[in-house]
1. Using a 10 Å cut-off on Cβ atoms, rank the peptides 161-167, 43-49 from the highest mean neighbour count down.
2. Show me, for region 141-153, the HN-Hα J-couplings you get by feeding each phi into the Karplus relation (A = 6.51, B = -1.76, C = 1.60, θ = phi - 60°), rounded to Hz, glycine and proline as x.
3. Can you work out the Karplus-derived ³J(HN,Hα) for every residue in region 80-88? Use 6.51 cos²θ - 1.76 cosθ + 1.60 with θ = phi - 60°, whole Hz, and x for glycine or proline.
Amino acid sequence: MRRWLKRITPERHKLEKLWCLRPFARFVGDRGFWTFKRTSVINAFSLGLLIAFVPPTPLPVHLTLCAVLGILFRLNLPVLFATVFISNPFTWFPQIAGSLWVGAKLTGVNLGPLLHDLNHRNLHAQIKQLWEPLLLGALVLGLGAAALGYVIAQCAWRARVAVLMRRRRTRSTLRGAALCQHTVDQSQDPVEPRGQPLIVRHDDQAGP
């Protein structure tokens, strides 16, 4: 599990070169934030899913939140940063659309007329009306994704550990069986008789 996580997560020197993380360079380089322990990894994965649902902005809000919260809670930083990259230009549209839909359902806002009347003249004022359902929907979806990700990560980690333990037991059993068979074969091999001293019989001395 640790080897696989190290392969898919960003390397330390690459994170240290990001300009938005330079104020946290001293913490990013700390080995304590790069240990792949179960609690640190699973919590980082869950928090990364929550941060990923923050609506995208021109500023590096996601990376800054990862650095601040990851250092505050001493989580695994590479897993946290890798998870937050779920939010990317390919996922922004469904992410924003889903957040708007969920937020509108919860706040009772009718998005149909609002989206239909969008125009460049009143775009700024109309976007203000969308911020409330967008942020609420993003929070709800983020919390749901974080909770689901936590459960999935726990199950995946335990399943992986169980598979590794089963493999180790199988190898140990096979080694023990092979050793016993080797011992039995040695005990059944015929023992060659050791060389015995040559006995020379002298004929009785002939009579007169």
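1. Highest-to-lowest ranking by the protection proxy: 43-49, 161-167.
2. 5, x, 5, x, 5, 5, 5, 5, x, 5, 5, 5, 5
3. Going residue by residue, I get 4, 5, 5, 5, 5, 6, 4, 7, 8 Hz, with x marking Gly and Pro.
Bear in mind these aren't lab numbers, they're just calculated from the coordinates by the rules spelled out. As the structure is a prediction and not an experimental result, all values here were calculated from the model. Counting neighbours? That spans all protein chains shown, and the Cβs are built from the backbone with ideal geometry, glycine included.
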